[in-house]
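> The structure that follows is given in the form of structure tokens.
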Amino acid sequence: MLTRRASEQSIIRKHEEALHQGYRRWPTLDFGLPPAMGDERWPAELILATWLQAETGRPPANGLEYRVGRSGGGFDALDFRFLPPEQQLPESEPVDTSIPLNRRPGDRAVEIPIPWYGGGMSFGSVSEQIMLARAKAAKEWRTFTSTGEGGYPESLVPYRDHVITQIATGMFGVREETIQWAPIIEFKYAQGAKPGLGGHLLGDKATVAVARMRESVPWVSLFSPFPFHSVYSVEDHKKHIDWVRTINPEALISVKVSTPTDIDMVAVGSYYAGAHIIHIDGGYGGTGAAPEIAKKNIAMPIELALPRVHRFLLQEGIRDEVVIMASGGIRTAYDIAKAIALGADGCVLGTTELVALGCTRCGNCERGRGCPFGLTTTDPELSQLVDPDWGAERLSRLYASFQAQLRDILRRLGLRSVRELRGRIDLLVYRKPGDSDEWANVVGSGQAR
Amino acid sequence: MVTAGRLSYRRYRIEIRPAPDLVRLPPRFRVEVKKHRLIGLVLEELVRYRGDLPVVLSRPCVYGVFSRPIGGLAPKEELCVGCLRCTVQYPDVVQIYPNPERERLGDSYLKPAHVDTLLYEARTGHVPVRGAGYRGPFGGAGWDGMWTDMSEIVRPTRDGIHGREFISTAVDIGEKPALLAFDERGEPVGTVPKVITIQVPFLFDRPPRSARPRLLLEILVRAAQEIETLAMVPVDLVVRFDLAGPHVVPVVEEETWRWLVQLAWSPRMIAIEGWDRERLAELERRFPESILCARVPMDSDVLDLVRQGARVLHLTADYHGRRNGRFVMDLIRQAHQRLVDAGVREEVTLIGSGGIVMAEHVPKAIICGLDAVALDTALWVALQARFAGECRNPETALVSFPRLEPAWGIQRLKNLAASWRDQLLEVLGAMGLREVRRLRGELGRCMFQAELEREAFAEVDGYRADA
């Protein structure tokens, strides 16, 4: 028995080691680009560039494109209008990348040193190891990660000052203490990848441990209802917030919504209901499982929603009282900066973190044992392929690279703080790929700046 | 629902059953293993792990690609899902390539990815669900540049999708006068409503001229009957193959007009190719109970046709959704809007076909203004048809089918219909709509890329709305 277990451990270690080597070797481009890797949103070079950043903590210097994908629109068609070199801020000039997460007077001040935090990924959609890695990185960077809708594993408790408790329509794993622990409570009204539909966890991944956490039946698919059956108006929504703040008066309230035609009205309604953070998840967001029809066709991409919300909140005179966090297709430091220029205060990362941990975007997260890389799985064997400390280090290095790039962008725009970038749509340039030779070169050849 | 003269309720559903592909598809990926390096790797690991065979022989693939006794020396390519774990771990030993044979499925409009999706739907009857987010282009021309709406909280249907309440996908096809007139005895006079209700907002268009074997038509008709929709069949084939039934819509053309005399039953609907008032009047005399539908090009002046008496119009485009260079999305909006502006939209049924190849195209076409869509190439793909070159022109497209088996074919089409209906429910549910009839022409419940970009990027340097 002992020998068998030792053998199993050796097998896991063997593959873990080979994977780690692969994450290092592929971005060197010694083997070219993997022919079957990538898609328009996440081309192979962007995936490898993210691996490299997670390895080194710096953007690639070997020509790998690390700023844009090839989707032909949205972030991929936007660039910055940088100042001439002589007007840019010098390297020696400090640049602030922190943002506040509360702008309402009277409530607790929370500030994060980087304008992003980790988005909700439930226990069940990802492994406990992944949740732990994200929590450790969040602690190191004094930012946050979110439980997603799948409960709060005990192992996260030591990191609770950096863990957002998500309350979604299935209420999976929501307990009084998980609300009390949380510095931020996130109500998930909708998710960009499946707007208007509840969460999906297919039966294969609803293991005994997952089912126990969710108080459900093992191996039975879990479809969260939609919407909250207790919320059919902004007033109902306010009751929700009041309920949570009764349990935890100190918590900030985040409201995660998708991007319908009336997203501007949704944002205003959420503000008046008492939200500190409006988290807008665009239609091209990530997921552990979603109907394909929903991913592509329902609700608008985040790039198109942000200016609408930002302008409307400005017109209503409340823009400076609420924080807008953007998610749903934020892949790079450049995407973060562009989202902020389009009107967000900061961003929420999901898929990017998984890519940093080795995701190839193969899209097999939902089936069978789940992710063969040990990420979006609860398979006891596969999940051991990711050591939480190793994962936390990779995320930390990715964050470091993103922060360095963000500072570089701000310096080149002549801005001393990321807060000055918010809503500066005038600093963007629209360049459809192919518009100019220079841009075509950037996007087409993967030449880093 | 009235059954045998008495009222009864039966909740509509389409029975699904697995219907595996008849023709084996080429694998999605090619797995290329450098055999000498693999042998070298195994030898190296034998030394490294001191002969611990379970460790040495453990393979990176969790899908069984290397599960033969000789592992990577003879990979099972058909099991490869493209996760790339093997090549990530051992880049110098194994490489995964997209299979170019697979890339040749479909044509320039109905792309290989569409074929994959359609085959999955026809095989299983399920809604395609996958992990990871959207992977395609930001938007694009045609249907890709349109998104449907959703509602965060306001949703009258509550759990409609998952069972407790019902979302109706039924639509009415026929004549619907704006008002009724009654004589002094209270009996209706003049035009009275004449409609057929089908349970899904899609019907089956006739196959292309190159592929109209009896078996295929029988499959279409039987599947339409079981799904409770309609199948359009050329009238000569209706007669020759004895395809009578309430779910059959004979399509009459100039050269098949003579076959009408042999039509010994009264169809619920008859379609006539082109607009010919005299022929329609003749049809009305011969088949007074039938709904008459005129198949006209999608860029026709629909208002003029309605003023001439048309009440059911089937607007046609080529299989790529084009008519005189314009895409169906714009043409449908234009036709719908013209009827709305003239105040006659409610009296007319618009059916449309061409370029509707994915489940999401159905709600999008309905939002643009159709009452129902007629499906074409998606059906042939579900039956594992192959296109020879571009499948664009219904008159000249070369489509070949495998040796069809009736029960299999019917089930494939039922599965496809069930999957598309369930996906329609997802879209309706997300919007909070209780029935698909309310979706028609609801342009306020959709978003067009061009309009959103104009609003979002108007102030961005370099953005051109006309680009």
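> If I ask for residues that are farther than 16 Å from residue B:201 by Cβ and in a helix (DSSP H, G or I), which ones from the stretch B:318-344 would you list? Steps first, please.
Filtering the stretch B:318-344 down to residues farther than 16 Å from residue B:201 by Cβ leaves B:318-327, B:329-331, B:333-335, B:337-344.
The answer is B:329, B:330, B:331, B:333, B:334, B:335, B:337, B:338, B:339, B:340, B:341.
> Looking at A:198, A:192 in this structure, which one is in contact with a Pro (Cβ under 8 Å, 6 or more places away or on another chain), within 14 Å of chain B (Cβ to nearest Cβ), within 30 Å of residue A:301 (Cβ to Cβ) and of a type outside the set (A, V, I, L, M, F, W, C)? So that I can check it myself, show each step before the final result.
Working: A:192 fails: in contact with a Pro (Cβ under 8 Å, 6 or more places away or on another chain).
Result of the check over A:198, A:192: A:198.
> Sort out which residues of the stretch B:252-268 are outside any loop (DSSP other than H, G, I, E, B) and either acidic (Asp, Glu) or surrounded by fewer than 24 Cβ atoms within 10 Å (Cβ to Cβ) (or both), and write them in order of number. Step through it out loud before you land on a result.
Taking the stretch B:252-268 first, the residues outside any loop (DSSP other than H, G, I, E, B) are B:252, B:254-262.
If the condition is that a residue be outside any loop (DSSP other than H, G, I, E, B) and either acidic (Asp, Glu) or surrounded by fewer than 24 Cβ atoms within 10 Å (Cβ to Cβ) (or both), then B:254, B:255, B:256, B:257, B:258, B:259, B:260, B:261, B:262 are the ones that fit.
> Let me spell it out: the conditions are (1) in contact (Cβ under 8 Å) with a residue 60 or more places away in the chain; (2) within 7 Å of chain A (Cβ to nearest Cβ), and residue B:85 meets all of them except one. Which number is the exception?
All conditions are met except number (1).
> Just one of B:429, B:462, B:444 is surrounded by 24 or more Cβ atoms within 10 Å (Cβ to Cβ) and facing another protein chain (nearest Cβ under 10 Å); which is it? Step through it out loud before you land on a result.
On the way: B:462 fails: surrounded by 24 or more Cβ atoms within 10 Å (Cβ to Cβ); B:444 fails: surrounded by 24 or more Cβ atoms within 10 Å (Cβ to Cβ).
Within the list B:429, B:462, B:444, the selection yields B:429.
> Would you mind stating whether residue B:51 is on the phi > 0 side of the Ramachandran plot and touching a residue at least 12 places away in the same chain (Cβ under 8 Å)? Please lay out each step first, then the result.
On the way: on the phi > 0 side of the Ramachandran plot: yes; touching a residue at least 12 places away in the same chain (Cβ under 8 Å): no.
For residue B:51, the condition - on the phi > 0 side of the Ramachandran plot and touching a residue at least 12 places away in the same chain (Cβ under 8 Å) - is not met.
> Output the number of residues of the stretch A:320-335 satisfying the condition of being modelled with pLDDT under 95 and part of a helix (DSSP H, G or I).
Result for the stretch A:320-335: 0.
> Of the numbered conditions (1) assigned to a loop (DSSP other than H, G, I, E, B); (2) of a type outside the set (D, E, K, R); (3) over 30 Å from residue B:89 (Cβ atoms); (4) within 11 Å of another protein chain (Cβ to nearest Cβ), residue A:363 fails exactly one; give the number of that condition.
(3)
> For the stretch A:31-53, enumerate the residues that are of a type in the set (A, V, I, L, M, F, W, C) and in a helix (DSSP H, G or I). Can you show your working first?
Going residue by residue through the stretch A:31-53, those that are of a type in the set (A, V, I, L, M, F, W, C) are A:31, A:33, A:36-37, A:42, A:44, A:46-49, A:51-52.
Residues satisfying the conditions are A:44, A:46, A:47, A:48, A:49, A:51, A:52.
> Does residue B:40 meet the test of being away from every other protein chain (no Cβ under 13 Å), at negative phi, surrounded by 18 or more Cβ atoms within 10 Å (Cβ to Cβ) and more than 34 Å from the chain's Cα centre (by Cα)? Break it down into steps so the answer makes sense when it comes.
Numbers: away from every other protein chain (no Cβ under 13 Å): yes; at negative phi: yes; surrounded by 18 or more Cβ atoms within 10 Å (Cβ to Cβ): no; more than 34 Å from the chain's Cα centre (by Cα): yes.
Here the answer is no, as residue B:40 does not meet what is asked.
> Need a quick list: helices (runs of 4 or more DSSP H) entirely within the stretch A:253-319 having at least 3 residues that are surrounded by fewer than 24 Cβ atoms within 10 Å (Cβ to Cβ).
On the way: elements: A:263-273, A:292-297, A:302-316.
Ranges flagged: A:263-273, A:302-316.
> Search the stretch A:380-410 for residues being aromatic (Phe, Trp, Tyr) and buried (at least 24 other Cβ atoms within 10 Å of the Cβ), and hand back the single one that is nearest to residue A:337 (Cα to Cα).
Of all residues in the stretch A:380-410, those aromatic (Phe, Trp, Tyr) come to A:390, A:399, A:402.
Still in the list and also buried (at least 24 other Cβ atoms within 10 Å of the Cβ): A:399, A:402.
Numbers: A:399: 14, A:402: 10 Å.
The residue in question is A:402.
> Given the options A:133, A:138, A:190, name the one that is in a loop (DSSP other than H, G, I, E, B), small (Gly, Ala, Ser) and either crowded, with 24+ Cβ neighbours inside 10 Å or without any contact (Cβ under 8 Å) to a residue 60 or more places away in the chain (or both).
Numbers: A:133 fails: in a loop (DSSP other than H, G, I, E, B); A:138 fails: in a loop (DSSP other than H, G, I, E, B).
Within the list A:133, A:138, A:190, the selection yields A:190.
> So how many residues does the stretch A:209-250 have that are farther than 21 Å from residue B:150 by Cα, over 27 Å from the mean Cα position of the chain (by Cα) and within 14 Å of another protein chain (Cβ to nearest Cβ)?
Looking only at that region, the number is 2.
> Of everything in the stretch A:55-86, what is aliphatic (A, V, I, L, M) and either closer than 20 Å to residue A:414 by Cα or away from chain B (no Cβ under 14 Å) (or both)? Give them in sequence order. Talk me through it step by step, then tell me what you get.
First pass over the stretch A:55-86, keeping only residues aliphatic (A, V, I, L, M): A:61, A:64, A:68, A:77-78, A:83.
Within the stretch A:55-86, A:61, A:64, A:78, A:83 meet the criteria.
> Could you figure out which of (1) modelled with pLDDT under 95; (2) surrounded by fewer than 20 Cβ atoms within 10 Å (Cβ to Cβ); (3) not acidic (Asp, Glu) isn't true of residue B:215?
Single failed check for residue B:215: (1).
> For residue B:71, work out the one condition from (1) within 11 Å of chain A (Cβ to nearest Cβ); (2) within 26 Å of residue A:386 (Cα to Cα); (3) not acidic (Asp, Glu) it doesn't fulfil.
Checking residue B:71 against (1) within 11 Å of chain A (Cβ to nearest Cβ); (2) within 26 Å of residue A:386 (Cα to Cα); (3) not acidic (Asp, Glu), the one that fails is (1).
> So how many residues does the stretch B:226-247 have that are under 21 Å from residue B:15 (Cβ atoms) and either touching a helix residue (DSSP H, G or I) at 6+ places or on another chain (Cβ under 9 Å) or among the hydrophobic types (A, V, I, L, M, F, W, C) (or both)?
If we filter the stretch B:226-247 for residues that are under 21 Å from residue B:15 (Cβ atoms), which is where we start, we get B:226-231, B:245-247.
If we keep only those that are either touching a helix residue (DSSP H, G or I) at 6+ places or on another chain (Cβ under 9 Å) or among the hydrophobic types (A, V, I, L, M, F, W, C) (or both) too, we end up with B:226-227, B:229-231, B:245-247.
Here the count works out to 8.
> When only residues in the stretch A:320-344 that are among the hydroxyl-bearing types (Ser, Thr, Tyr) and buried (at least 23 other Cβ atoms within 10 Å of the Cβ) count, which is farthest from the other protein chains (Cβ to nearest Cβ)? Working first, answer last.
Initial filter on the stretch A:320-344 (among the hydroxyl-bearing types (Ser, Thr, Tyr)): A:327, A:332, A:334.
Within this subset, residues satisfying the condition of being buried (at least 23 other Cβ atoms within 10 Å of the Cβ) are A:327, A:332.
Working: A:327: 11, A:332: 15 Å.
That would be A:332.
> Kindly provide the set of residues from the stretch B:123-138 that are within 7 Å of chain A (Cβ to nearest Cβ), in contact with an Asp or Glu (Cβ under 8 Å, 6 or more places away or on another chain) and of a type outside the set (Val, Ile, Thr), ordered by number. Walk me through it before giving the result.
Let us first name the residues in the stretch B:123-138 that are within 7 Å of chain A (Cβ to nearest Cβ), namely B:127-138.
This time we only want the ones that are in contact with an Asp or Glu (Cβ under 8 Å, 6 or more places away or on another chain), so: B:127-131, B:135-138.
Selection gives B:128, B:130, B:131, B:135, B:136, B:137, B:138.
> Looking at the stretch A:224-254, which of its residues are among the aromatic types (Phe, Trp, Tyr) and out of contact with any helix residue (DSSP H, G or I) (no Cβ under 8 Å at 6 or more places or on another chain)? Explain how you work it out, then say what you get.
Of all residues in the stretch A:224-254, those among the aromatic types (Phe, Trp, Tyr) come to A:226, A:228, A:232, A:243.
Hits for the stretch A:224-254 are A:232, A:243.
> Go through (1) within 12 Å of chain A (Cβ to nearest Cβ); (2) in contact with a Pro (Cβ under 7 Å, 6 or more places away or on another chain); (3) at pLDDT below 95 and name the single condition residue B:177 misses.
(1)
> Tell me which residues, restricted to the stretch A:267-299, are within 7 Å of another protein chain (Cβ to nearest Cβ) and free of Cβ contacts under 8 Å to residues at least 40 places away in the same chain.
At the first step, the residues of the stretch A:267-299 found to be within 7 Å of another protein chain (Cβ to nearest Cβ) are A:283-299.
Across the stretch A:267-299, the qualifying residues are A:292, A:293, A:296, A:297.
> Turning to a different aspect of this structure: Can you tell me which of (1) at pLDDT 95 or above; (2) buried (at least 24 other Cβ atoms within 10 Å of the Cβ) is the one residue A:377 doesn't meet?
If we test residue A:377 against (1) at pLDDT 95 or above; (2) buried (at least 24 other Cβ atoms within 10 Å of the Cβ), just (1) comes out false.
> From the list B:315, B:379, pick out the single residue that is assigned by TED's automatic domain parsing to the domain that holds residue B:193, more than 21 Å from residue B:428 (Cα to Cα), assigned to a strand (DSSP E or B) and touching a residue at least 24 places away in the same chain (Cβ under 8 Å). Lay out the reasoning, then the answer.
On the way: B:379 fails: assigned to a strand (DSSP E or B).
Just one listed residue meets the conditions, B:315.
> Restricting the stretch B:143-154 to residues that are out of contact with any His (no Cβ under 8 Å at 6 or more places or on another chain) and over 30 Å from residue B:328 (Cβ atoms), which is modelled with the highest pLDDT? If you could, list the steps in order and put the result at the bottom.
First, the residues of the stretch B:143-154 that are out of contact with any His (no Cβ under 8 Å at 6 or more places or on another chain): B:144-152, B:154.
Add one more test, that the residue is over 30 Å from residue B:328 (Cβ atoms), and what stays is B:152, B:154.
Details: B:152: 80, B:154: 59.
Step by step, filter the stretch B:143-154, then rank; the result is B:152.
> Wholly within the stretch B:71-158, which helices (runs of 4 or more DSSP H) include no fewer than the required count, namely at least 2 residues that are in contact with a Gly (Cβ under 9 Å, 6 or more places away or on another chain) and surrounded by fewer than 20 Cβ atoms within 10 Å (Cβ to Cβ)? Break it down stepwise before answering.
Working: elements: B:85-89, B:100-103, B:112-124.
Ranges flagged: B:112-124.
> Looking at the structure I just gave you, is residue A:8 outside any loop (DSSP other than H, G, I, E, B), of a type in the set (D, E, K, R) and within 14 Å of chain B (Cβ to nearest Cβ)? Spell out the reasoning first.
Working: outside any loop (DSSP other than H, G, I, E, B): yes; of a type in the set (D, E, K, R): yes; within 14 Å of chain B (Cβ to nearest Cβ): yes.
Considered against the rule, which asks whether it is outside any loop (DSSP other than H, G, I, E, B), of a type in the set (D, E, K, R) and within 14 Å of chain B (Cβ to nearest Cβ), residue A:8 comes out as yes.
The values are calculated or read from the model by the stated rules, or taken from the named source; none is laboratory data. Note that the coordinates shown come from a computational prediction; the quantities given were computed from them, not determined experimentally. Every residue, glycine among them, receives a Cβ derived from its backbone with ideal geometry; neighbour counts consider all protein chains shown.
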